[in-house]
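All of the numbers you see were taken from the coordinates with simple rules; none came from a lab. The structure presented is a predicted model; accordingly, all values stated were derived computationally and were not measured. Here the Cβ positions follow ideal geometry from the backbone for every residue, glycine too, while neighbour counts run over all protein chains shown.
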Amino acid sequence: MAVFALVHGSMHGGWCWRDLVPELERRGHRAVAPDLPCEDADAGLAEYADAVEAALAGVPGGDAPILVGHSLGSRTIPVVATRRPGARMIFLCSVPTGVGAVDAEAFAGMVTPEYATARFHERGDGAKRIDAEAARSVFYGACDAATAQWAAARLRWQGARPLAEPAPFARWPEVPLDVVLTRDDRTVRFDWAAKEAERWLAGRPLRVLPGDHSPFLCGPALLADALEACLAD
């Protein structure tokens, strides 16, 4: 049995893993899916990692979790891994950003034109949330209409700090990592991410799934297959 800590991406919540959690549990695994404090504009990566730690507290096997970081979740899982050296990391629809701050120029090359031109709403403190109609296309285009509507209606405000601040560690965690991408992602450019992943995988296979930026909703069984394959490799 593996213990999966499912770390959601920007504007999401633990709710986004609703179909993957029972799929993993059906296969004999344990999964926690915490809500990160993304609506708090003052919360940074340390606070996000604290939320993951709280979800793992007391979970048997939680000292060596499989940290699955979706999209912006890729900034949180290395922080947790520095605290739990028995962990391993799986970057989903994302790639590692390394030590320090995110390279703004590189990030600009990461996103698709559809995401870059999507309509966003902004709060006075700088937190943003994508428009629900845009989200149905950019995040959930491969989902059925009911699921896309359900998810778009639950998106939360996202503070800027986790992407803007440097990672709170000086050395990259020395734990195994894998990358799982989706071929038709409308948020993260597949060609950019696949090339970037090569630098980190050190010969390990890149896992590629059909679907879009939300494989946990449009293909949870295929995603569970890929996560188990990462562990078996």
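Values computed for the structure shown
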| read-out | value |
| --- | --- |
| For the range 83-233, with +1 on Lys and Arg beta carbons and -1 on Asp and Glu, the positive-most of Gly141, Pro85, Val188 along the dipole | Pro85 |
| Distance between the range 156-227 and the range 65-92 - C-alpha centres, whole angstrom | 11 |
| Gain in span if fully extended, Glu114 to Ala146, counting 0.36 nm per residue against the direct Cα distance | 9.4 nm |
| Shape category assigned to the range 90-233 from the gyration tensor of Cα positions, a/c cut at 1.5 | oblate |
| Amide hydrogen neighbours beyond the local backbone of Ile90, cut-off 5 Å, H modeled | Leu67, Val68, Gly69, Asp178 |
| Total charge dipole magnitude, the chain, about the Cα centre, Cβ charges on Lys, Arg, Asp, Glu only, Debye to nearest 20 | 180 |
| Helix-only [θ]222 nm of the chain, DSSP H runs n ≥ 4, -39500 (n - 2.57) each, per residue, nearest 500 | -9500 deg cm²/dmol |
| For the range 128-136, Karplus couplings with θ = phi - 60° (6.51, -1.76, 1.60), whole Hz, Gly/Pro x | 10, 8, 5, 4, 4, 5, 5, 4, 4 |
| Rounded to whole Hz, the Karplus (6.51, -1.76, 1.60) HN-Hα couplings of the range 157-164, x for glycine and proline | 5, 10, x, 8, 4, x, 8, 7 |
| The chain: most fluctuating residue of Val79, Val175, Val32 per GNM, C-alpha cutoff 10 Å | Val175 |
| Residue of Gly13, Gly126, Gly141 that the Gaussian network model of the chain assigns the largest fluctuation, springs spanning Cα pairs under 10 Å | Gly126 |
| Nonlocal amide H pairs with Arg186, under 5 Å, H built at 1.01 Å | His213 |
| Residue-wise HN-Hα coupling along the range 72-88, computed from phi with Karplus coefficients 6.51, -1.76, 1.60 (Hz; x: Gly, Pro) | 4, x, 5, 7, 8, 5, x, 5, 5, 5, 5, 8, 10, x, x, 6, 9 |
| Placed amide H near Cys143: partners under 5 Å, 5+ positions off or other chain | none |
